[in-house]
Each structure stands twice: as structure tokens, then as C-alpha cells.
Amino acid sequence: MKKIKVLHTEWSDGWGGQEIRIINEMKALRDKGVELFLATRPHAKIKEKAQEEGFKVFDIPFKSNFDLGSIFKLVKIIKKNNINIVNTHSGKDTWVGGFAAKIAGAKFIRTRHLSNPINPSRLNFINELADFIITTGEGVKKAMIKNNRINPEKIISIPTGVNEKIFDPKKYNQTESRKKLNLPLNKKIVGFLGILRSVKNPYLFINIAKEFPNILFVLGGNGPLENDLKNYAKNLKNIKFLGFVDSPTFLSAIDILLLTSKNEGVPQSVIQALLMEKDVIASNVGSIKDLKKENNFLLANEKMEFVNYLDKLLKGKIKLDNKRESMKDFTIDRMSKKILNVYKKVLN
């Protein structure tokens, strides 16, 4: 079989779980013999990350769902580089990339990362045009089959994979990690890890911190809400903003991770924390429950449930176990093998 050539498209200009998955996926598939390209907006953070990894990147405006200039620019790129598959990731680039793939004669794969409902209108037909759909969670897959007329034989859930060799607790020392982040050595620390944007609901994290004045709550990450959040928490002495952090160092430093999101696929931060054998309390939304294996972490539905669970964890009244072992199906190697199988299936 000839070398598979895949063009990923991404409209998002941020740097969070979705964009990290794309880069990690590209790296893993390159190791398996696939040739990868990326089309994204000129100012997008993923552009710089992709170029650092040695991938060829094309600047595409993705101004709207029906941006004809972007569509035909992509058509030329697909034909010139003999692209076999266009793999799209966000809303606008899915419309543009999907149309371009169809015009150029390439296969169109749609990767759906988020768990929020997709408009079921017949006018929102782009997902039905895809040759195959990859979701990051079973809940998203089932919803698209039920509500968006997706053929069950053309959709699969492939959870985001995390590099278990990097997120290995044996490689880190909590004291040293706390020193690097300028955190106290002898204090319980509760963490938030992610982009500071509304879907991650960091305000809930701060509201939970108000209930535990003697526990340090730290936020690892930056984003559009950073200044508002600092102002919101200005009178709280037990809140610390760390800005962008090295994820394994951050997870090594904390004791408990809270994921307070309103909406998620399968969150990398929870997988990473469990690989690092940390206690986790996560919102019971989206496909987070796909990660639940008996007693490996806790799911909460609202603020007081978070508060009650956290209080019991801090007092040792709840013991969580089987954390790292429960994530064996959520590694990059597992993810990339499944994606490669999808590519081969679509091309055959």
C-alpha cells in the first residue's frame, strides 16, 4: 500500500486539549509511516507547535463555513501534495475542509472532540458528508448516531491517548516539583489544570476553594478569563495562579486534581492525573465517565458534591485506587493504532 498522506485542519487558535491531541496524534502516526500536514489560521498556536515538530503547515483563513477562498486554496494543496485523507477538527474548518476534500477527491474524516450537542437541523449536514467520524468519547458517538443521522458503521470512539512514559510518577519527586513551582512543601494542594476559559468553569474551582480556607488551590494554565478570574479571587489568600505550566511537574506537585468543566470529551488532564496516581474529582459531563473504572476517581454533579468529596479525600475518609492501571487503554500507542486502522479502512 502507498504511503498514506493526511492533511489535518484546525480553525481554533488556542492551545488546549484538542490542539495537543492533534499534535500528539500527528507525531504518533508519523512514527507509524503516515505523512502528515496541517492547515490552520496564520496566528494559531498549533501552527508554531506543528512547525517545531517538523510538520509542513499551510496558512488558511477559515473565515466562515462557506469561505470559498479557503476551500479552493485547500483543494490546490490537496491535489499538489497528493493528500489521501483530510481530517478536520473544529466547526469552520470541518465545513471548509470537508467541501475541499470532496471537490479534490480525497477522503473526508471528521474528528469530533467536544461533547456539546450538534444542531440536528437537516441544514447542518456536513457531518453526514464525512466518509468516517472519530469521536473522543462513547457519549458523543451515541449522540451523533441518535440526533445527527450518522451511520453507526461510519463512526467510532477513539479516546485521547496520553504518553504514559512522560506521565510516570516514578520520574518525579513532589518536593522538587513544588520547589520548581514555588509552592509550599508541607501543605495539601488542590489543582486545576487547563485553559482558563468558560467551558472549563474555573469559577466553580474558585468557589470550591472558598469552602477550604486552609487548603491551597492552584490554577495551572492561562487563557482569556485569566484577568477576570484573578479579580474574582483577589480577596482569597488560598488561591494561586501559576500561568502556563509543565503538566507532569504540576501534577507531581499537587495532591488532588479538580476538573470542573461544563462540557468535555475525554479530558487529557484526568488521564494524565490518574497516570500520575493522583486523586481526581471531575464533573459528571460529556464522556468523562468513559474513564471511570470502579474506584479510580470521583464524579460530581454540582458544587456541594465536589465540596463533600474533597472534604472526605482530605480527611482520608475515601481511598481511591487502581488509578494508573485503569488508564492502560488511554495511551498514545493504543490511540494511534486505532486511528491508523480507520485510515486504512476508509482508503480501502
Filter pass, Asp255 being acidic (Asp, Glu), more than 18 Å from Thr160 (Cα to Cα) and touching a Lys or Arg at 6+ places or on another chain (Cβ under 8 Å) = yes
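So, in segment 283-298, of the ones that are buried (at least 17 other Cβ atoms within 10 Å of the Cβ) and not in a loop (DSSP other than H, G, I, E, B), which residue ends up farthest from the chain's Cα centre (by Cα)?
Initially, segment 283-298 is screened for residues buried (at least 17 other Cβ atoms within 10 Å of the Cβ), giving 283, 285-288, 290-291, 296-298.
Now restrict to residues that are not in a loop (DSSP other than H, G, I, E, B): 283, 288, 290-291, 298.
On the way: Ser283: 15, Ile288: 11, Asp290: 14, Leu291: 14, Leu298: 19 Å.
Taking the candidates together, the pick is Leu298.
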task = Could you tell me which numbered condition Lys32 fails, if it satisfies all but one of (1) at pLDDT 95 or above; (2) of a type in the set (D, E, K, R); (3) under 24 Å from Ile71 (Cα atoms)?
result = (3)
task = From (1) exposed (fewer than 13 other Cβ atoms within 10 Å of the Cβ); (2) more than 23 Å from Met335 (Cβ to Cβ), pick out the condition that doesn't hold for Lys171.
result = (2)
query = Condition test on Leu68, is it more than 25 Å from the chain's Cα centre (by Cα), at pLDDT below 95 and either buried (at least 21 other Cβ atoms within 10 Å of the Cβ) or of a type in the set (A, V, I, L, M) (or both)?
reply = no
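Go over the candidates Leu320, Leu274, Leu314 one by one and state the one that is outside the structural domain of Gly17 (by TED's automatic domain parsing), modelled with pLDDT of 95 or more and under 17 Å from Phe205 (Cα atoms).
Values: Leu320 fails: under 17 Å from Phe205 (Cα atoms); Leu274 fails: under 17 Å from Phe205 (Cα atoms).
So the residue among Leu320, Leu274, Leu314 that is outside the structural domain of Gly17 (by TED's automatic domain parsing), modelled with pLDDT of 95 or more and under 17 Å from Phe205 (Cα atoms) is Leu314.
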task = Please verify whether segment 245-255 includes one or more residues that are buried (at least 21 other Cβ atoms within 10 Å of the Cβ), over 17 Å from Phe205 (Cβ atoms), among the β-branched types (Val, Ile, Thr) and touching a residue at least 40 places away in the same chain (Cβ under 8 Å).
result = no
key: Matching residues, segment 117-146, being assigned to a loop (DSSP other than H, G, I, E, B) and either on the phi > 0 side of the Ramachandran plot or over 22 Å from the mean Cα position of the chain (by Cα) (or both)   = Pro120, Ser121, Arg122, Leu123, Asn124, Phe125, Asp131
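Would you kindly identify the strands (runs of 3 or more DSSP E) lying entirely within segment 160-271 that contain at least 1 residues that are closer than 15 Å to Ile20 by Cβ? Reasoning before the result, please.
Numbers: elements: 189-193, 216-220, 239-243, 256-259.
Where strands (runs of 3 or more DSSP E) fall fully within segment 160-271 and carry at least 1 residues being closer than 15 Å to Ile20 by Cβ, they are 189-193, 216-220.
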request  = Considering each of Arg197, Arg149 in turn, give the residue that is modelled with pLDDT under 95 and not assigned by TED's automatic domain parsing to the domain that holds Lys107.
outcome  = Arg197
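Looking at Val280, Val307, which one is modelled with pLDDT of 95 or more and surrounded by 20 or more Cβ atoms within 10 Å (Cβ to Cβ)?
Details: Val307 fails: surrounded by 20 or more Cβ atoms within 10 Å (Cβ to Cβ).
Val280 is the lone residue from the list that is modelled with pLDDT of 95 or more and surrounded by 20 or more Cβ atoms within 10 Å (Cβ to Cβ).
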query = Do you know which residues across segment 133-147 are in contact with a helix residue (DSSP H, G or I) (Cβ under 7 Å, 6 or more places away or on another chain) and of a type in the set (Ser, Thr, Tyr)?
reply = Thr135
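Among what's in segment 128-148 and is touching a residue at least 12 places away in the same chain (Cβ under 8 Å) and touching a Pro at 6+ places or on another chain (Cβ under 8 Å), pick the residue that is surrounded by the most Cβ atoms within 10 Å (Cβ to Cβ).
Residues of segment 128-148 that are touching a residue at least 12 places away in the same chain (Cβ under 8 Å), as a first pass: 128-141, 143-144, 147-148.
Pick out the ones that are also touching a Pro at 6+ places or on another chain (Cβ under 8 Å) and you get 136-137, 143, 147-148.
Values: Thr136: 28, Gly137: 26, Ala143: 21, Asn147: 12, Asn148: 20.
Looking at the filtered set, the residue picked out is Thr136.
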query = Which members of segment 186-216 meet the condition of being of a type in the set (Lys, Arg) and farther than 14 Å from Val307 by Cα?
reply = Lys187, Lys188, Arg197, Lys200
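The values are calculated or read from the model by the stated rules, or taken from the named source; none is laboratory data. Since this is a predicted model, take the numbers as computed values, not measurements. Because the Cβ atoms are built from the backbone with ideal geometry, glycine has one as well, and the counts that use them run over all protein chains shown.
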